[in-house]
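A.B. asks: Quick one: the structure is below, questions incoming.
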Amino acid sequence: MTATTPARPPGPPLRRRRRIHLPIALVLALGFGGIVALAVASVLGLGFNTSTRNTLALLVDKAALGVDGMVTRVRAQLDPARAKAEFLARQMAEGHLDPADRQRLSDHLLASLAGAPQVTAIAFLSIDGTATGARRVAQDGSVDVRTVPAEAEEQAVLKEALERGGAYWVDPVWVDGLKTSVLSVRVPVRREGRFLGVMVVAVGFSDLSRFLERYQDDDVVGAFILFDDSHVMAHPALADRAPDLSRRREGEVPLPRLDEIGDPVAAGIWQRQGSAERNEVLPVRGRMAERLRAIDVREAEVAEERYTYLLHQLPDYGSRPWTLALVYRHDEVVKEIRRLERMALIGLGILLVSVLLSLALGRAISRQIKRLARAAAALRDLDFRSVPELPDSRFREVSEAAAAFNTMVAGLRWFETYVPKALVLRLIRRDGGSDGVRSEERDVTVMFTDIKGFSTLAEAMSPAETAALLNDHFSMLAACIEAEGGTVDKFIGDAVMAFWGAPDHQPDHALRAMRAARAIAGRVEAATAEAAAAGRPPVCLRIGVHSGPVVVGNIGASSRINYTIVGDTVNAAARLEALGAVLAGEDACVVLASADTVAACGGEAGPLRDMGHYSLRGRTGTVAVWRLVSQSSAVEAPIPAK
């Protein structure tokens, strides 16, 4: 046999393209845009009042986002300060920063202060009674870095930190040196269980007050942050001025009171006792109500005008939670909410009817197309027998597609009878996206089988009996071969050619072939025993197995190609099978394997008998031949002459 130029499969090469796959129901819904457009036009035709339908939703979103923004801004102001304190404390705890090295400690504190504009001062209070810190000088914006003895207040801080386990926030305090009130976070520092001191980071409130200025517009009257019911932590009026609170008595909160900032709307927040009912002020439901779940709603009347206050509690930064407040004009809130409720109910009814109509029509069409898609997907494994027959449809195009599909499946059921489906399926899975199957050289194991004296056996049978015998015989052979991952290449009269090692890479192809040969021999011997008991003539089989290089791929003409193998290895396997006629004797099955196959099995080929070296027709030299020892050939017999 000689290798020929590999034939290319007919038709253009298949190329995989990445596409977006849309649900058929969605595509059909888009196709019924006229129905949805009619519904939208009906809603819009109700009048100009619908133009404000979404205003309240935007107002609620704006209010919730405003509160969220305030929370985010406050945390962005304070959390980095805590992170810096914890980082420096961790550096000391791990030994990377020595508190005794004052110069290096000062450099780290200065760098931390420079990288955090919201931090007013940062200091380390050492257990040895010193305080090393860096602070901003309000007058000229410069930074002061020094190490000084710890004062009585700082000693109290050390004592408190000694009893703490981790970082903690302290309520606002007035700092004379900074001329402002600050909020501080303190982190105890310990190394190997030994208390070293406490890291203190102080944060001012000016940046928060400047941030609240942007909330004031036509809808939002004001925004501020309360420390308690009467003291203001941040307010737009405090953005550029810090009130002098140095004269506050000890124990008083070092923050301005509501009546000291000059904002009557903010000062009137607690006019009424208790909170207003949210459903009266903001009658929203569903997701809107969920967005406002953590917000308390209050009302107040200032200068004969009603205002709505949205309050949110923010914990985690001291002994008591802060109150974030946004103020709206009550009339604007209620007017838009009531308009929203009326138009939402009308629009919801119209849209609901439109959607139901679109879904009903789309489902009627998509049901037929989905059935066609599921049937087509069943062809993926080439299991044509299990593909259901598609029913007729009232839609003409779908009906024509179903009829064409049923006709195609009927043809494929005939087609699979003449094509090795297992081989095709393996090729599809391996090379489904490549430009065909290219011929290549590969090491494989080839098996040839042939029925001994088939011509004499067929003379005593009718054509139908002969065909039935061959069909049963070939079915048995194919089952044993395919069970070991082999490929049945072709049927030649009463002979079968099969191979292992292609198209899939099978490093143990020789061992697979020998296992298949043992299975075939066992089936043949069992069938021979049954035939002898029934008085029928036995079917004796010769098998030749050889391993070596071949050319594997698509071989043939442009109009008819086969995935097969060619080469001297194929010829050698055929000659070994023919040699079985000389060595079989009266055995029901003889399996001859070359030394190449036996060596490739690595000693796992099974019980073998060395038959010596033989010359094979068409080959120079001799080949070492081994015979598989089965039940009928287990008794030692003289080796025939070669």
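A short reminder: the numbers here are calculations on the coordinates, not readings from a lab. Quantities reported herein were computed from a predicted structural model and do not represent experimental measurements. Here Cβ is always computed from backbone atoms with ideal geometry, including for glycine, and neighbour counts include all displayed protein chains.
A.B. asks: How high is the FRET efficiency from VAL582 to ALA364, r the C-beta distance, R0 51 Å, rounded to 0.05?
C.D. replies: That gives a FRET efficiency of 0.10.
A.B. asks: So for segment 433-628, averaging the separation of alpha carbon pairs under 8 Å that are six or more residues apart and normalising by length, what relative contact order in percent results?
C.D. replies: 24
A.B. asks: Additional query: Points 7 angstrom from Cα along the Cβ direction at VAL148 and LEU372: gap in nanometres?
C.D. replies: 8.7
A.B. asks: In whole Hz and in residue order, list the ³J(HN,Hα) couplings for segment 191-205 that follow from phi through the Karplus curve 6.51 cos²θ - 1.76 cosθ + 1.60, θ = phi - 60°; x for Gly and Pro.
C.D. replies: The phi angles translate into 10, 6, x, 9, 6, 9, x, 9, 8, 10, 10, 9, 10, x, 10 Hz.
A.B. asks: In nm, what is the difference between 0.36 nm times the number of residues separating ARG241 and ASP68 and their Cα-Cα distance?
C.D. replies: Full-extension gain reported as 59.7 nm.
A.B. asks: In this model, which of LYS370/LYS490; LYS159/LYS179; LYS84/LYS159 are farther than 32 Å apart at the alpha-carbon?
C.D. replies: Over 32 Å apart, Cα to Cα: LYS370/LYS490.
A.B. asks: Quick check: net charge around VAL232, other residues with Cβ under 12 Å of its Cβ, Lys/Arg +1 and Asp/Glu -1?
C.D. replies: -4
A.B. asks: Where does each of 586-599, 145-158 land if you order them by average Cβ count within 10 Å, highest first?
C.D. replies: Result, highest mean first: 586-599, 145-158.
A.B. asks: I've got another one for you. Label ASP79 and ALA156 with points 7 Å out from Cα along Cα→Cβ: what is the distance between them in nm?
C.D. replies: Label at ASP79, label at ALA156, 3.2 nm between them.
A.B. asks: Determine, for PHE448, PHE211, the number of other Cβ atoms within 10 Å of each Cβ, and report the residues in order from fewest to most.
C.D. replies: Fewest-to-most ranking of PHE448, PHE211: PHE211, PHE448.
A.B. asks: Taking K and R as +1 and D and E as -1, what net charge do the other residues with C-beta under 14 Å from the C-beta of GLY133 add up to?
C.D. replies: Spelling it out: positives minus negatives among the neighbours equals +1.
A.B. asks: Step by step: find N for segment 433-628, compute 2.2 N^0.38 Å, then divide the Cα radius of gyration by it. What's the final number?
C.D. replies: Ratio of Cα Rg to 2.2 N^0.38 Å: 1.03.
A.B. asks: Ranked highest first by the average count of other Cβ atoms within 10 Å around their residues, in what order do 319-327, 468-476 fall?
C.D. replies: Highest mean packing first, the order is 319-327, 468-476.
A.B. asks: Using label points projected 7 Å from each Cα along Cα→Cβ, tell me how many nm separate MET476 and ARG306, to one decimal.
C.D. replies: Once both label points are built, they end up 9.8 nm from each other.
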